[in-house]
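*Asks:* Got a structure here, written out as structure tokens. Questions coming.
The values are calculated or read from the model by the stated rules, or taken from the named source; none is laboratory data. The model shown is predicted, which means the values in this text are computed figures rather than measured ones. Methodologically, a virtual Cβ is constructed for each residue, glycine included, from the backbone with ideal geometry; neighbour enumeration extends over all protein chains shown.
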Amino acid sequence: MADLTDGQPQAAQPPPWHASASYLYALHLDGPELAWEYLRRHPGYRLAWHMQATDAGAARPWGLRTLEDPALDAREALPHWLNARALAIRVVPDDNAESDGHPFEFWRLPGRKALQHDGQGLVLAARWPGSCTRMVLAPELQDGMPHAFAMRACREPRVRYRDMAADLDRLAAASRCEPLAVARPRPSPGALQALHTLQALDATQAGASLREIAEGLFGSTEVAADWHADSAVRARVRRLVARSRALLNGGYRELAGLGPLPAAQQGRNSLTPDRP
């Protein structure tokens with residue numbers, strides 16, 4: 001039955017996934033943040049959270065040390081990935097007695113800071129427009145101490161060092177002059193794909209058909225002009241839906257830098273087939 005107000009039928013409200021603007025933050029997420037966006041949408045993970053499973057065994061199959069609230073998106077959440085310590089910058093006291101290094105000053109770090117204990121120690125995430133730097137703080141580190149940055153040994157130290165150096169350069173630049181906003185060029189194809197993939201996943205979980213998803217992503221005019229069994233628009237939406245399913249059902253682990261999904265988790269909570 002139509003909703004009537006003053007005798008006039010009211011237009012149906014579009015579903016939440018239809019608003020592309022609400023996904024714009026996905027354009028600026030890094031790999032671990034984007035991985036969280038897929039994991040928090042997994043029905044099995046949401047069930048585990050609502051059951052309030054607190055033991056490490058409940059979180060480990062998902063690639064986490066502890067469960068994080070799936071209601072928090074990547075701008076608020078700080079998921080404890082199993083490999084977080086290996087990839088984070090380690091901040092340790094400088095044991096050189098004659099060091100003239102800069103002291104560690106927590107409150108002078110740029111951006112919005114989130115400090116949590118992951119069961120082993122303190123993990124700090126500093127976020128400012130367009131960037132996120134993750135650090136593991138040594139237990140003996142105190143505010144005002146001379147400090148040094150370290151990284152864990154790995155098989156490809158040059159790649160890890162390059163990534164750490166880039167993070168430290170961004171951290172140093174933001175510490176000198178923290179940006180209030182970031183002007184960026186047109187989003188890259190990869191960033192746009194990440195946005196559309198998340199939007200397609202939410203639409204699929206809401207029961208939308210391929211055509212409804214296409215209209216939400218690309219507009220009803222474009223879809224009406226080119227929608228048939230072999231159309232490019234339909235093929236593109238099919239690929240987005242397939243990619244979203246793969247990332248939801250374990251593919252997110254690659255974004256987070258984790259190993260493949262455990263065999264016991266594969267094939268569980270798969271989404272239903274597409275509707276045309």
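*Asks:* Condition test on Leu217, is it within 18 Å of the chain's Cα centre (by Cα), at pLDDT 85 or above and not assigned by TED's automatic domain parsing to the domain that holds Pro93?
*Replies:* The answer is no for Leu217.
*Asks:* For region 28-122, which fully contained helices (runs of 4 or more DSSP H) count at least 2 residues that are among the charged types (D, E, K, R) and surrounded by 19 or more Cβ atoms within 10 Å (Cβ to Cβ)?
*Replies:* Those helices (runs of 4 or more DSSP H) span 31-39.
*Asks:* Taking helices (runs of 4 or more DSSP H) that fall entirely within region 193-258, which contain at least 2 residues that are buried (at least 22 other Cβ atoms within 10 Å of the Cβ)?
*Replies:* The helices (runs of 4 or more DSSP H) meeting that bar are 210-218, 232-246, 252-255.
*Asks:* Now a separate question. Residues Leu78, Leu115, Leu64: which one is at pLDDT below 85 and under 20 Å from Gly251 (Cα atoms)?
*Replies:* On inspection, the qualifying residue turns out to be Leu78.
*Asks:* Restricting the first residue to region 28-43 and requiring it to be of a type in the set (A, V, I, L, M, F, W, C), which pairs with a second residue that is surrounded by fewer than 20 Cβ atoms within 10 Å (Cβ to Cβ) meet a Cβ separation below 6 Å and a spacing of at least six or different chains?
*Replies:* Listed by first residue and then by second, the contacts come to Trp36/Ala77.
*Asks:* Now for a separate question. So the check is Cβ under 6 Å with 6+ separation or different chains; which pairs have a first residue in region 137-164 that's assigned by TED's automatic domain parsing to the domain that holds Asp95 and a second one that's of a type in the set (Ser, Thr, Tyr) and surrounded by 11 or more Cβ atoms within 10 Å (Cβ to Cβ)?
*Replies:* The qualifying pairs are Pro146/Ser99.
*Asks:* Just to be sure, is Glu37 at pLDDT 85 or above, more than 17 Å from Arg134 (Cα to Cα), acidic (Asp, Glu) and within 16 Å of the chain's Cα centre (by Cα)?
*Replies:* Spelling it out, Glu37 is indeed at pLDDT 85 or above, more than 17 Å from Arg134 (Cα to Cα), acidic (Asp, Glu) and within 16 Å of the chain's Cα centre (by Cα).
*Asks:* Could you list, in sequence order, the residues of region 8-27 that are in a loop (DSSP other than H, G, I, E, B) and modelled with pLDDT of 85 or more?
*Replies:* Selection gives Pro15, Ala19.
*Asks:* Taking region 87-102 only, how many residues are modelled with pLDDT under 85 and farther than 20 Å from Arg170 by Cβ?
*Replies:* Residues flagged as modelled with pLDDT under 85 and farther than 20 Å from Arg170 by Cβ within region 87-102 amount to 6.
*Asks:* Give region 124-162 a look and list any residue that's assigned to a strand (DSSP E or B) and over 19 Å from Asp94 (Cα atoms), or say none.
*Replies:* Ala125, Ala126, Arg127, Trp128, Ser131, Cys132, Thr133, Arg134
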